[in-house]
Amino acid sequence: QVQLAESGGGLVQPGGSLNLSCAASGNIASIDNMGWYRQFPPNQRELVAVVTSADITLYHTSVKGRFAISRDNAKNTVYLQMNSLKPEDTAVYYCRLVTGNNHYWGQGTQITVSS
């Protein structure tokens with residue numbers, strides 16, 4: 001079993017920055033893709049960014065140039081640096097890890113961008 005622990009969410013003013021992290025633990029053989037998704041009410045979930053095992057990154061159009069995803073394979077951790085945050089970035093952010101034929105989700109962390 002694999003567990004994902006997210007941290008770094010919270011309240012920030014427009015134009016501010018936050019850094020999310022997601023650490024994986026448990027029975028991990030090798031990790032393929034690591035990514036971040038966000039969910040808007042009621043249940044709309046979208047891909048924010050993903051980084052492959054080859055360090056290829058992909059971003060949602062709305063966050064390109066503002067967010068940066070990275071991974072530390074030694075720590076089984078994925079990060080999301082979020083800059084120039086906007087109110088429309090407000091959502092619950094989830095990390096996702098793909099290993100082999102399995103995928104795992106973090107518990108979610110709330111990001112609120114408001115003045």
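The values are calculated or read from the model by the stated rules, or taken from the named source; none is laboratory data. Predicted model, so just to flag it, every value in this text is computed and none were measured. Reconstructed Cβ throughout: ideal geometry from the backbone, glycine too, with neighbour counts over all protein chains shown. Ligands, DNA and RNA are stripped out before the accessible areas are found, and what is left, the full protein with its side chains, is counted by its heavy atoms. Shrake-Rupley method; radii C 1.70, N 1.55, O 1.52, S 1.80 Å.
Side notes on the structure shown:
- Magnitude of the charge dipole for the chain, about its Cα centre and with charges confined to Cβ atoms of Lys, Arg (+1) and Asp, Glu (-1), is about 100 debye.
- Projected label distance in nm at His60 and Asn101, using a 7 Å step from Cα toward the beta-carbon: 3.1 nm
- Fraction of alpha-carbon pairs over 23 Å apart in the chain - percent: 23 percent
- Extension gain, Ser25 to Gln13: 0.36 nm times the residue separation minus the Cα-Cα distance gives 1.1 nm.
- Accessible area (Å², per residue) of the chain, counting only protein heavy atoms and a probe of 1.4 Å: 52 Å²
- Karplus-derived HN-Hα couplings along the stretch 79-84 (A = 6.51, B = -1.76, C = 1.60, θ = phi - 60°), whole Hz, x at Gly and Pro: 10, 9, 8, 10, 10, 6
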